[in-house]
Amino acid sequence: KATVSVLYWAAEMHSLRCLSRQARRASGLQLVECPRDAMQGLPNFVPTEDKIRYINKLLEVGYHTIDFGSFVSAPAVPQMRDTVDVLKGLNLKESKSELLAVVCNVRGALDAAQHPEIKYLGFPLSISEEFQQRNTRKDIMSALETLEKISDICKNSDKELVTYISMAFGNPYEEKYSPELVSEFVGKVVDLGGKTISLADTVGSGTSTLIREVFSIVIPAYPEVVIGAHLHSSSATATEKIAAVLDTGCTRIDSAIGGMGGCPFAKSALIGNVPTESVIAQCQLSDFEHGLNMNKFVEAQAIKHELFGVAVSEIILQCYLGVYFKRGEKRCQY
């Protein structure tokens, strides 16, 4: 009980500190929490009731969007086979957050489109032929054709399409890559009606210098489009990558509490999402108002820690944020 009290006190102090700062960008910053990406590569199935409990708490935090599940092949991504059951258990009435579900084909898009609770359908389009085959079992040309059909489904079902440009900062397959190629693919999506496009560092290969270069080319080229960042990173470089993103004027950032996640189809080792804690910390340093309810965020962290444990990097970030965990607490695994 004492530990919980300290957590709430620290969260409240942090909220007051945030309110006292002059926010350089008080609105327009879209923070996207990604429990789907966090869980999809886990080897052991996360019980449906645990997913519901965790995501329901995330819905109270104040994110712009929750990337909560996917309508994909159950054998390919068994962790997401209960997405419909999870959706049925979510409490959306009091939440300002919207739901996003990832789809990889027309069938998945049609299934997702049947659920009015879902606002966004996310589709992964890779600039790497190798990864497009690994991730969706189709080549890039076929993926573009699928994307066009999914775009039409969104228009006809009052959904909005979010396209992820995978391998936007390089790939591990020695295929050709350049920032100009990324911009070219963004243009292809825009031609199909895309209005929200996230550049994905699928395997964490992007440096802060490259991230600045890519976003500095893409954002001015497509001012009418929301250009987001879906970065994977080691904890050591996450904060500098987020700083690079914010410096370029990007207004949409995906993350996962504790830096969990990674794409199971990219290569053998999973590279986690940038930690939401790092995003919050960098927003504070850069005078961006993140708009999250920190008390609810701490509660969501506690559920995440209970279900999935705590990484050492999380504890370091907690110290920065002023939220501390006692050594020896059950859910802290050193």
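The values are calculated or read from the model by the stated rules, or taken from the named source; none is laboratory data. Everything numeric here is computed off the predicted structure, so don't read it as measured data. Positions of Cβ are generated from backbone atoms using ideal geometry, with glycine treated the same way; all protein chains shown enter the neighbour counts. Only protein heavy atoms, including side chains, enter the accessible area calculation; ligands, DNA and RNA are left aside. Shrake-Rupley method; radii C 1.70, N 1.55, O 1.52, S 1.80 Å.
Looking for whichever is out of contact with any Lys or Arg (no Cβ under 6 Å at 6 or more places or on another chain), within 30 Å of residue 62 (Cβ to Cβ) and polar (S, T, N, Q) here; the options are 126, 95, 142, 183. Which one fits? Let's see the steps before the verdict.
Details: 126 fails: within 30 Å of residue 62 (Cβ to Cβ); 142 fails: within 30 Å of residue 62 (Cβ to Cβ); 183 fails: within 30 Å of residue 62 (Cβ to Cβ).
Every option except 95 fails the conditions.
Quick check on my filter: what residues within the range 67-100 are outside any loop (DSSP other than H, G, I, E, B), within 25 Å of residue 143 (Cβ to Cβ) and either touching a residue at least 60 places away in the same chain (Cβ under 8 Å) or basic (Lys, Arg) (or both)?
Looking only at the range 67-100, we keep the residues that are outside any loop (DSSP other than H, G, I, E, B), and these are 67-71, 78-80, 83-88, 98-100.
With the extra rule that they be within 25 Å of residue 143 (Cβ to Cβ), the set shrinks to 67-71, 78-80, 83-84, 98-100.
Of everything in the range 67-100, those that are outside any loop (DSSP other than H, G, I, E, B), within 25 Å of residue 143 (Cβ to Cβ) and either touching a residue at least 60 places away in the same chain (Cβ under 8 Å) or basic (Lys, Arg) (or both) turn out to be 67, 100.
Name the pairs whose Cβ atoms lie under 7 Å apart, with the first residue in the range 217-241 and under 14 Å from residue 207 (Cβ atoms), the second of a type in the set (D, E, K, R) and assigned to a helix (DSSP H, G or I), and 6 or more positions between them or separate chains?
Correct list of pairs: 231/241; 233/241.
Scan the range 173-186 and give yes if some residue there is open to solvent by less than 10 Å² (accessible area, probe 1.4 Å) and outside any helix (DSSP H, G or I), otherwise no. Walk me through it before giving the result.
Taking the range 173-186 and keeping what is open to solvent by less than 10 Å² (accessible area, probe 1.4 Å), we get 182, 186.
Still in the running and outside any helix (DSSP H, G or I): none.
Checked against the condition, which is being open to solvent by less than 10 Å² (accessible area, probe 1.4 Å) and outside any helix (DSSP H, G or I), the range 173-186 yields no hits at all.
When the range 201-229 is examined, which residues are found to be in contact with a Phe, Trp or Tyr (Cβ under 6 Å, 6 or more places away or on another chain) and open to solvent by 10 Å² or more (accessible area, probe 1.4 Å)?
Passing the criteria: 205, 210.
Which numbered condition trips up residue 164, out of (1) assigned to a strand (DSSP E or B); (2) surrounded by fewer than 16 Cβ atoms within 10 Å (Cβ to Cβ); (3) among the hydroxyl-bearing types (Ser, Thr, Tyr)?
Condition (2) is where residue 164 drops out.
Looking at the range 192-201, can you tell me whether even one residue there is part of a helix (DSSP H, G or I), closer than 24 Å to residue 243 by Cα and not basic (Lys, Arg)? Give the derivation first.
Step one: filter the range 192-201 for residues part of a helix (DSSP H, G or I), giving none.
Checked the range 192-201: no residue is part of a helix (DSSP H, G or I), closer than 24 Å to residue 243 by Cα and not basic (Lys, Arg).
How about the range 238-251: which of its residues are open to solvent by 40 Å² or more (accessible area, probe 1.4 Å) and more than 16 Å from the chain's Cα centre (by Cα)? It would help to see each step written out before you state the result.
Looking only at the range 238-251, we keep the residues that are open to solvent by 40 Å² or more (accessible area, probe 1.4 Å), and these are 239-240, 247.
Across the range 238-251, the qualifying residues are 240, 247.
Considering each residue of the range 41-54, count those that are of a type outside the set (A, V, I, L, M) and either in a helix (DSSP H, G or I) or open to solvent by less than 30 Å² (accessible area, probe 1.4 Å) (or both), and give that number.
Residues meeting the conditions: 7.
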